1. For the pairs Lys220/Lys271; Lys30/Lys57; Lys277/Lys302, flag any whose C-alpha to C-alpha distance is greater than 20 Å.
2. Please report the accessible area of Thr181 (heavy atoms, 1.4 Å probe, ligands and nucleic acids excluded) in Å², nearest 10.
3. If you count only protein heavy atoms with a 1.4 Å probe, what accessible area per residue comes out for segment 248-292, rounded to a whole Å²?
4. What Kirkwood Rh does segment 58-133 have if only Cα atoms enter the pairwise 1/r average? Answer in Å.
5. What's the ranking of 116-127, 247-258 by average number of surrounding C-beta atoms within 10 Å, highest first?
6. With a 10 Å radius around each residue's Cβ, average the other Cβ atoms per peptide and rank 73-80, 194-201, 56-63, highest first.
7. Go ahead and run the numbers for FRET between Ala266 and Lys105, Cβ-Cβ distance against an R0 of 45 Å, rounding to 0.05.
8. Given the Cα-Cα distance of Glu200 and Lys127 and 0.36 nm per residue of separation, how much length would full extension add, in nm?
Amino acid sequence: MNVKTCFSAVLACAIIWITSCADLSAAEPKHAFTHDRGVTYSSPGGAALKAEVYTPKGAGPFPGVLVVHGGAWRTGSRVHMSRAAERLAERGYAAVAIDYRLAPKHPYPAQIEDCQAAVRWMRSSAKKYRIDTERIGGYGYSAGGHLVALLGVLSDDAEKNDAEKNDGKNDHGNGTQGGATQPNARLQAVVAGGAPVNFELLPRNTKALAYWLGGTRGEKPDVYRQASPTAHITADDPPMFFFHGSADALVPQISPMAMVGLLTAAKVPAKLHVVEKAGHIGAMFDAAALEASIAFFDERLKPVEAAK
């Protein structure tokens, strides 16, 4: 089975799970929330990118969480993460589930640029959606897990420099253009499930990701490195929580294990939650993994009195 067929099958299974699975948690919801549908957060090249915004009712401000879908960077939708986003909102987080540009029409780095734009939009829209600009995390699965992990390790200076190279051509929907005037895109915590994090380990001649990274690793070694979260780890990275199925045949468990080891060596708090006997899809919808993820956000994003 080739990569495209495999991920298409994964996505189809995910849709079935989303529409039929039971409640993800036995915990009682703590917050009612509002749901703003189809909000434009960025317009690169004039094409509107949409978000679903789930905001807890109350005065706030609430910690924010960017929620990023998977699908091999070439398929998927923000609505595929609705269950996780709703659960986050019920637990007191302003959750923003986004679409992003897809390969092969839009190769790397379009996807991470859109995630950066989304975080900046969250900060620029903080008053409207009652988001605490000092407490924003990222939650993603599979390709989405990769993107939030990469977003977590990229320095904001590097992101702004990338934006400046565009010479202000990309309107990211927050009333500013160019890098220097944009809000900060750094995250304060990351939860990544089923995430591939090191593309430098791929065979030099494999074409499995050529549709996204522009060629084989032998042809594009710098791009494969730039897209690998493991290549950017520094001591000032945010705390990270990974969850992964022990029976995941699509993304080997060694992927998050290795990154947790590198983060720990850099003195960055990092944890791995293993979902025993679960494959790639099973881990995504594991109730205990989601609860552990929210507990991690509670520890890292909420004031002590609010997390109790």
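1. Values: Lys220/Lys271 31 Å; Lys30/Lys57 10 Å; Lys277/Lys302 32 Å.
The answer is Lys220/Lys271; Lys277/Lys302.
2. 90 Å²
3. Heavy-atom SASA per residue in segment 248-292 reads 47 Å².
4. Numbers: mean 1/r = 0.0769 Å⁻¹.
It is 13.0 Å.
5. Taking the mean over residues of other Cβ atoms within 10 Å, the ranking is 116-127, 247-258.
6. In decreasing order of mean packing, 73-80, 194-201, 56-63 become 194-201, 73-80, 56-63.
7. 0.80
8. On the way: separation 73, 0.36 × 73 = 26.28 nm, distance 4.09 nm.
That works out to 22.2 nm of additional length.
The values are calculated or read from the model by the stated rules, or taken from the named source; none is laboratory data. This one's a predicted model, so the numbers in the text were calculated from it and none came from an experiment. Heads up, the Cβs are rebuilt from the backbone with ideal geometry, glycines too, and the neighbour counts pull from every protein chain shown. Protein only, heavy atoms only, side chains kept; ligands, DNA and RNA dropped before computing areas. Shrake-Rupley method; radii C 1.70, N 1.55, O 1.52, S 1.80 Å.
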